[in-house]
Amino acid sequence: MVETQPWVSPFDAQEGRPNMEGDFLREEVRLANRNSGILLEALRHDVTPTGLHYLLNHFDVPYVPSATDWTLSITGRVRRPLKLSMADIQAQPHKTMRVTLECAGNGRANIGMRRQSMPWMYEAVGTSEWTGTPLRPFLEEAGLESDAIDVSFLGIDRGFDKVFHEYGRSLAPQLALSDDVMLVWGMNGQPLLPQHGFPLRMVVPGWYGMASVKWLDRIEVLDSPYQGHQQVGSYVYKESADDPGVPVTHIRVKSLMVPPGIPDWYTRHRLVAPGATEVFGRAWSGNGVSIKRVEFGVDGAWQDAELDPASDKYAWRGWRAKWHAAEGEHEIACRATDENGDTQPLDERWDRSGFGNNMVHKIRVTVRA
Ligand SMILES: Nc1nc2c(c(=O)[nH]1)N[C@H]1C(S)=C(S)[C@@H](COP(=O)(O)O)O[C@H]1N2
Ligand SMILES: [Mo]
């Protein structure tokens, strides 16, 4: 870690943070202490224990002591504006879905010229059983006007990222009305924890995590495209600053392994005993596309891994590979391909903000008796 950057008021500056190489900044380390990732060994669990699920909070976690007074309003280009209590929402039919969430910035720190932001390596992913109810009946009750072209979702957390804003995102009406977009109050059979959006959040399965707005209190139906910072000023794939870019949407195909053997505590370098061993991992893709193939690589030689039975449509899939570990230094890797034929790249995928880097997971291993 190197010294903190010279102080420039972030409340005035309009420029984004630059890209950089080298050691992590104090600011990045502080963000990493606030936003924890999954421990890779916890990939073993089909459903990530709640306390091991990754976290990404841009601002402060709001203090909401009870769900009793929480309301969700639906306003804007609707025929009947609604103000719903948690009781109104929970009176709808319940549904529990197993969904893998991944942060769009996962893999950012593995890009040579990384963006100054949350320095995720591989660990911004987790799978939960989310309990809630589809959003659709509420939007239908409110009744979208014929000029409604965007549906915005706002949380109560606020702060600065170039500009002042409340965390907000939007979805096209057609998507907001799909059966899979959910209003969620439960995570793994318990009320949401404060850091995961208590008492109410969205889950937009198959999309990178930014779409799943936490602490949801307002839905505004719009007759023009939503212009919130998290929609148009961030989460856009760009080659360079003047690239108009392409919005970040669905999760890209990816796989990870449980690091085999035992770690050195500080470097996390692995030590594996020679002989037969099994490497276990997970693979997933976005938009409900299933995993077709996972390969396991040792020093660049690839073999097919065995896939566990498919899980829910939007949840990751287990895989395992037999490895006859020979003494010496090795680099092991895994690579997934989905039913669309999309495969993970071997090397980092450039994006100016470090979004969508789904390069293969590589681990250096010492094999010694
Ligand atoms: N209100 C609000 N919702 C939010 C965020 C946020 O900062 N504020 N972060 C988003 C991002 S970028 C991700 S990846 C997911 C993370 O959800 P989790 O912390 O429950 O894992 O929440 C999304 N929803
Ligand atoms: Mo994210």
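Points worth noting:
- Taken over the stretch 222-284, the ratio of Cα radius of gyration to 2.2 N^0.38 Å equals 1.96.
- List VAL246, VAL221, ordered by accessible area with a 1.4 Å probe, largest first: VAL246, VAL221
- Charge dipole magnitude, Cβ of K and R +1, D and E -1 - the stretch 226-369, Cα centre, debye nearest 20: 320
- Total formal charge among the other residues, if their Cβ is under 12 angstrom from that of ARG352, Lys/Arg +1 and Asp/Glu -1: +2
- Equivalent-ellipsoid semi-axes of the stretch 1-50, from the Cα gyration tensor, Å, largest first: 32, 14, 10
- The lysines whose alpha-carbon is closer than 20 Å to the alpha-carbon of LYS238, local same-chain residues fewer than 8 away aside, are LYS162.
- Placing +1 on each Lys and Arg Cβ and -1 on each Asp and Glu Cβ, with no other charges, gives the chain a dipole about its Cα centre of roughly 480 debye.
- Positive-pole candidate from LEU39, LEU25, PRO10, dipole of the stretch 1-50, charges at beta carbon: LEU39
- With 25 Å as the limit on Cα-Cα distance, the pairs of LYS214/LYS292; LYS292/LYS313; LYS313/LYS362; LYS214/LYS362; LYS292/LYS362 that go past it are LYS214/LYS292; LYS313/LYS362; LYS214/LYS362.
- Taking the charge dipole of the chain about its Cα centre, with +1 at Lys and Arg Cβ atoms and -1 at Asp and Glu Cβ atoms, the residue from PRO244, HIS330, PRO225 reaching farthest to the positive side is HIS330.
- The stretch 41-140: C-alpha gyration tensor shape, a/c 1.5 cut-off, then a/b vs b/c: prolate
- What the Cα convex hull of the stretch 187-339 gives, in volume per residue, is 200 Å³.
- Loop-exposed trypsin sites (Lys or Arg not before Pro) per DSSP, neighbour cap 16 Cβ within 10 angstrom, longest uninterrupted part of the chain: 80-161
- Extension gain for ASP69-LYS362 works out to 100.7 nm (0.36 nm per residue, less the C-alpha to C-alpha distance).
- Evaluated on the chain, the Kirkwood hydrodynamic radius is 21.7 Å, with distances taken between all distinct Cα atoms.
- The stretch 146-213 - Rg and Dmax from Cα coordinates, angstrom: 13.2, 39
- Backbone N under 13 Å from the VAL8 label point (7 Å along Cα→Cβ), restricted to the stretch 143-169: 162
- Ranked order, SER146, SER290, SER117 - accessible area, probe 1.4 Å, largest first: SER146, SER290, SER117
- For the stretch 141-253, the Cβ-based charge dipole about the Cα centre amounts to some 500 debye (Lys, Arg positive; Asp, Glu negative; other atoms uncharged).
- Alpha-carbon centroids, the stretch 295-369 and the stretch 89-140: separation in whole Å: 22
- Converting phi to 3J(HN,Hα) with the Karplus coefficients 6.51, -1.76 and 1.60 and the offset θ = phi - 60°, the stretch 211-220 yields 6, 8, 5, 9, 6, 6, 10, 9, 10, 10 Hz in sequence order, with x at every glycine or proline.
- Normalised by 2.2 N^0.38 Å, where N is the number of residues, the C-alpha radius of gyration of the stretch 302-359 stands at 1.41.
- Theoretical ellipticity at 222 nm over the chain - DSSP helices of four or more residues, -39500 (n - 2.57) apiece, nearest 500: -1500 deg cm²/dmol
The values are calculated or read from the model by the stated rules, or taken from the named source; none is laboratory data. Note that this is a predicted model, so its numbers are computed, not measured. Neighbour counts are summed over all protein chains in view; Cβ atoms, including those assigned to glycine, are modelled from backbone coordinates with ideal geometry. Heads up: the accessible areas ignore ligands, DNA and RNA and are worked out on the full protein's heavy atoms, side chains in. Shrake-Rupley method; radii C 1.70, N 1.55, O 1.52, S 1.80 Å.
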